[in-house]
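Structure, as structure tokens:
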Amino acid sequence: MVKNQPEQRGGVLGRSAPARRANRRLDPAEVPRDGGTPLVAIEGVSKAFGARETGLVALQDVNLSITDGEFISLVGPSGCGKSTLLKIVSGLLPASRGQVTLGGERIVSPRRDIGMMFQTATLFPWRTVKRNIMLPFDIARDKRTDREARVAEVIQLTGLDGFENNYPRELSGGMQQRVALCRLLVSNPRLMLLDEPFGALDEFTRERLNVELARISELERKTTIFVTHNITEAVFLSDRVVVMGTRPGRVLDIVDIELPRPRRAGVIATHEYSDRVGDVRRALGLV
Amino acid sequence: MSAVEDRALAPPELGDLFASEIRGESKLAAVAKQVLLTAGSAFLLLGIWEVLSRIDPAFWPQVILSKPTDIIPAFFKAITSGFVWENLWVTFQETIFGFAIGAAGGFLFGVLIAISRTFSRATYPIVILFQTTPRVALAPVFIAWFGFGMSSKVALAAAICFFPVLINTITGLAVVDENALLLMRSLKASKFQTFVHLRLLSAMPSIFAGLKSALTFALIGAVIAELLGSNEGMGQLIDAASFLLQMDDVFAYLMVLGLLGLALFLVVNLVEKKLVFWHSNWDEG
């Protein structure tokens, strides 16, 4: 892994533990990936719906450690429990067995330092772009004086300048997802959970937004779990791709993606990239 | 909600059900066509009426049928006479007070039923029972209770208004986007915050649909109560004129009432456009 962009090291907006993240960027041979204390630890998580004997086992014994600043994708076919796992990590859904911790603290209910994004932008049509992005502040009754400045910052970061006072219905699907990303970034969460955020968009918009997301994620250095069933998207964005299988939902393999950062669209044309895509496909049993 | 879904959810333009393509019609042309066609069909209707009322006076007793050419002067006589305005003012007040009381009650009751399971279990079956009873039949009861004055009319108008607002409030508050609820949960929003920031606002279009029918119902309620027992109001004027077989006047008063109803409806429409601006048709945005 090459660290060739030192000016990005501190992150423009993400001020959480840049030093630790910088460590992770060093030669992986020197600093073992799971050497440091994990930010997120998923330990023996299982989830069953319905009665124990007859019920559907959505997840079976998932173990995963995620270090600070890492970008992880969960990839797998429908029914592999990737969205269920994301909901458990978010605290929206309790695990049947096992636990998830964030910074050593057990997650038992939703937390304000965990941000979520869904397949639909889920913007409030009665709020302007700016007021939609402010929603987390309004809910947290956060009266900080730099609210406006922070909103302006994320708007600039996602290229929404000039659309602050538009209403969601005046924006395209891709632009709406940018607003949703802003709403997620604005409160500077420690952990971002993205559930197929670009799944409903057309291929061109999706690719453009993936490049944007890679840029923003490198800049903000947010620990991210990204759920998708798009293999190439997962490889492009991630440090590690967690490959999941069905019946029962479980982790099949974890593929390290040691492609250089910053990731730019050009990465897609490299052999390393296609090799990693091949690895993920093999892990899924597709080749 | 994406723009595409939004467009799909917007009600289709009336009469466009079988349109095979999107018509590139300018706004001005559309308005001009609307006005001309409405005026045209109105004139046609009045023409047929006029002809029918003139063919055979023996077969169509003109005293009963009345002629448009007699009604229109009667209408102008009505709107220039003070006593019609006095009675219209009475009916207007009954309608507005009845609407205000009924709509406020329906809204508050709807909110309580939507947020409290105990309250909903205690009252909802009774509410449904009342809803299936024709409430205009309550008019004699209210007249017996509250007398021939305005209060019995306000009471009937309120009773009729109550239900459409109630039902639409309950439905609006119940139907909320699942992901939006998930989002609020992930932000650790309290129940009160979810109600204020999400449920109430997403229920607004539905509540306004209820308010619109409620206002029309309020006018109906006020007039029915006036017809059944009153010493003032447009209903009383119509009752008195038809008793004297002055059909020209009856139709003139009906026109006055129709215009009042239209004016009230347009006001609610305007308020809705301002308050629920995000819900109008896509192209109007």
**Q.** Residues that are of a type in the set (V, I, T) and in contact with a helix residue (DSSP H, G or I) (Cβ under 7 Å, 6 or more places away or on another chain), drawn from the range A:241-287
**A.** A:V241, A:V243, A:V255, A:I257, A:V267, A:I268, A:V277, A:V280, A:V287
**Q.** Residue among A:E43, A:E53, A:E30 that is modelled with pLDDT under 50 and acidic (D, E)
**A.** A:E30
Q) Does the range A:134-150 hold any residues that are closer than 22 Å to A:T224 by Cβ and more than 12 Å from chain B (Cβ to nearest Cβ), and which are they? A) A:R150
Q: Take B:F109 and decide whether it is closer than 16 Å to B:A214 by Cα and either surrounded by 14 or more Cβ atoms within 10 Å (Cβ to Cβ) or touching an Asp or Glu at 6+ places or on another chain (Cβ under 8 Å) (or both).
A: yes
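A quick yes/no check of all residues on (1) surrounded by 21 or more Cβ atoms within 10 Å (Cβ to Cβ); (2) at positive phi; (3) in contact with a Phe, Trp or Tyr (Cβ under 9 Å, 6 or more places away or on another chain):
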site: A:R112; (1), (2), (3): no, no, no
site: A:A140; (1), (2), (3): no, no, no
site: A:G159; (1), (2), (3): no, yes, no
site: A:G174; (1), (2), (3): no, no, yes
Q: Would you please name the residue that is farthest from the other protein chains (Cβ to nearest Cβ), looking only at residues in the range B:1-31 that are under 26 Å from the mean Cα position of the chain (by Cα) and at pLDDT 80 or above?
A: B:V31
Q. What residue, of B:F208, B:F243, B:F265, is farther than 30 Å from A:L191 by Cα, buried (at least 19 other Cβ atoms within 10 Å of the Cβ) and in the same structural domain as B:R117 (by TED's automatic domain parsing)?
A. B:F208
Q.
I'd like the full set of residues that are of a type outside the set (D, E, K, R) and either more than 9 Å from chain A (Cβ to nearest Cβ) or part of a loop (DSSP other than H, G, I, E, B) (or both), limited to the range B:167-183.
A. B:I167, B:N168, B:T169, B:I170, B:T171, B:G172, B:L173, B:A174, B:V175, B:V176, B:L181
Q) Applying the selection to the range A:46-69, what residues are of a type in the set (D, E, K, R) and buried (at least 23 other Cβ atoms within 10 Å of the Cβ)? A) A:K47, A:D68
Q.
Taking the condition of being touching a Lys or Arg at 6+ places or on another chain (Cβ under 9 Å) and either hydroxyl-bearing (S, T, Y) or at pLDDT 75 or above (or both), how many residues in the range B:53-68 meet it?
A. 3
(Q) So, in the range A:198-227, exactly how many residues are among the β-branched types (V, I, T) and touching a Lys or Arg at 6+ places or on another chain (Cβ under 8 Å)? (A) 3
Q: Test each condition in (1) in contact (Cβ under 8 Å) with a residue 60 or more places away in the chain; (2) surrounded by fewer than 22 Cβ atoms within 10 Å (Cβ to Cβ); (3) among the small types (G, A, S) for B:A180 and report the one that comes out false.
A: (1)
Q | Test result for A:A95, under 24 Å from A:I216 (Cα atoms) and assigned to a loop (DSSP other than H, G, I, E, B) | A | no
Q) Under 9 Å by Cβ, and 6 or more places apart or on different chains, what pairs join a residue from the range B:147-172 that is of a type outside the set (S, T, Y) with one that is outside any helix (DSSP H, G or I) and surrounded by fewer than 24 Cβ atoms within 10 Å (Cβ to Cβ)? A) B:G147/B:G229; B:F148/B:G229; B:F148/B:N231; B:F148/B:E232; B:G149/B:N231; B:G149/B:E232; B:M150/B:E232
Q. Between a first residue in the range A:197-221 that is closer than 21 Å to A:T122 by Cβ and of a type in the set (S, T, N, Q) and a second residue that is at pLDDT 80 or above and assigned to a helix (DSSP H, G or I), which pairs have beta carbons less than 8 Å apart while being 6 or more apart in sequence or on different chains?
A. A:T205/A:G173; A:T205/A:G174; A:N210/A:E233; A:N210/A:F236; A:N210/A:L237; A:S217/A:L237
Q) In this structure, is A:R178 surrounded by fewer than 16 Cβ atoms within 10 Å (Cβ to Cβ), basic (K, R) and free of Cβ contacts under 8 Å to residues at least 40 places away in the same chain? A) no
Q: State whether one or more residues within the range A:125-133 are buried (at least 21 other Cβ atoms within 10 Å of the Cβ), at pLDDT 90 or above and within 11 Å of chain B (Cβ to nearest Cβ).
A: yes
Q: Output the number of residues of the range B:75-92 satisfying the condition of being within 23 Å of the chain's Cα centre (by Cα) and of a type in the set (D, E, K, R).
A: 1
**Q.** Flag for B:G149 being assigned by TED's automatic domain parsing to the domain that holds B:N231 and buried (at least 17 other Cβ atoms within 10 Å of the Cβ)
**A.** no
Q.
Which residue is farthest from A:V277 (Cα to Cα), if the candidates are limited to the range A:77-100 and must be buried (at least 24 other Cβ atoms within 10 Å of the Cβ) and away from chain B (no Cβ under 14 Å)?
A. A:L85
Q) If the Cβ limit is 8 Å and pairs must be 6+ apart or interchain, which residue in the range A:70-89 that is under 19 Å from A:L39 (Cβ atoms) pairs with which residue that is crowded, with 24+ Cβ neighbours inside 10 Å and among the aromatic types (F, W, Y)? A) A:F71/A:F226; A:I72/A:F226; A:S73/A:F226; A:L74/A:F226
Q) Do you know which of the residues in the range B:234-260 that are under 19 Å from the mean Cα position of the chain (by Cα) and of a type in the set (G, A, S) is nearest to B:A139 (Cα to Cα)? A) B:G235
Q: Please go through the range B:217-237 and pick out each residue that is modelled with pLDDT of 90 or more and closer than 15 Å to B:V256 by Cα.
A: B:L219, B:I220, B:A222, B:V223
**Q.** Criterion (touching an Asp or Glu at 6+ places or on another chain (Cβ under 6 Å) and aliphatic (A, V, I, L, M)) met by exactly one of A:V154, A:V129
**A.** A:V129
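Residues checked against (1) away from chain A (no Cβ under 14 Å); (2) farther than 30 Å from B:W89 by Cα:
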{"site": "B:F130", "(1), (2)": "yes, yes"}
{"site": "B:A137", "(1), (2)": "yes, no"}
{"site": "B:W145", "(1), (2)": "yes, no"}
{"site": "B:A155", "(1), (2)": "yes, no"}
{"site": "B:K188", "(1), (2)": "no, yes"}
{"site": "B:K191", "(1), (2)": "no, yes"}
{"site": "B:R199", "(1), (2)": "no, yes"}
{"site": "B:I207", "(1), (2)": "no, no"}
Q) Among the listed residues B:T118, B:T133, which satisfies the condition of being of a type in the set (S, T, Y), assigned to a helix (DSSP H, G or I) and either in contact (Cβ under 8 Å) with a residue 40 or more places away in the chain or in the same structural domain as B:G258 (by TED's automatic domain parsing) (or both)? A) B:T118
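The values are calculated or read from the model by the stated rules, or taken from the named source; none is laboratory data. Model, not experiment: these values are computed from the prediction. Cβ: placed from backbone, ideal geometry, glycine included. Neighbour counts: every protein chain shown.
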